[in-house]
Amino acid sequence: MLKDPILASLLNLLFAGTGHIYLNKIVKGILILLLAIVFWMSSWGIANIPLIIWAMYDAYSTAKKMNRPEKTVK
């Protein structure tokens, strides 16, 4: 099933980790979500900005890779 890279990226903007969960990368999504929660609860709240930007990029590129057709070997 094809996954929309833009939707995956925007889901991470809405709530960190949800784009990866949408891509069925459940463990990675939960880890990103937990890290974002720890950052918000600590004095490192500003660290969420690079985390969210990275998560958006990673979800977008992961979805693009997932949508590529497999090359067949002759």
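Is it the case that the stretch 12-26 has a residue that's within 8 Å of the chain's Cα centre (by Cα), crowded, with 19+ Cβ neighbours inside 10 Å and of a type in the set (S, T, Y)? Within the stretch 12-26 (the criterion being within 8 Å of the chain's Cα centre (by Cα), crowded, with 19+ Cβ neighbours inside 10 Å and of a type in the set (S, T, Y)), the answer is yes, since at least one residue qualifies.
Residue selection: N48 satisfies the criterion of being over 13 Å from the mean Cα position of the chain (by Cα), among the polar types (S, T, N, Q) and either part of a loop (DSSP other than H, G, I, E, B) or at pLDDT below 95 (or both).
Yes or no: S61 of a type in the set (G, A, S) and in a helix (DSSP H, G or I)? Here the answer is yes, as S61 does meet what is asked. Exactly one residue among K25, K71, K65 is at pLDDT 95 or above and basic (K, R), and that residue is K25.
I want to confirm something. Restricting to the stretch 27-52 and keeping residues that are surrounded by fewer than 13 Cβ atoms within 10 Å (Cβ to Cβ) and β-branched (V, I, T), which single residue is farthest from E70 (Cα to Cα)?
Within the stretch 27-52, the subset surrounded by fewer than 13 Cβ atoms within 10 Å (Cβ to Cβ) is 27, 34, 38, 40-46, 49-50.
Applying the additional criterion that residues be β-branched (V, I, T) yields 27, 38, 46, 49.
Working: V27: 24, V38: 38, I46: 40, I49: 34 Å.
The selected residue is I46.
When both residues are 6+ apart or on different chains and their Cβ atoms are under 7 Å apart, which pairs have a first residue that lies in the stretch 17-34 and is part of a loop (DSSP other than H, G, I, E, B), and a second that is surrounded by 18 or more Cβ atoms within 10 Å (Cβ to Cβ) and of a type in the set (F, W, Y)? Once the first residue is part of a loop (DSSP other than H, G, I, E, B) and sits in the stretch 17-34, no partner that is surrounded by 18 or more Cβ atoms within 10 Å (Cβ to Cβ) and of a type in the set (F, W, Y) comes close enough.
The values are calculated or read from the model by the stated rules, or taken from the named source; none is laboratory data. Here the structure is a predicted model, which is why all the values come from computation and not from measurement. Quick reminder, even Gly has a Cβ in these numbers, built from the backbone with ideal geometry, and neighbours come from all protein chains shown.
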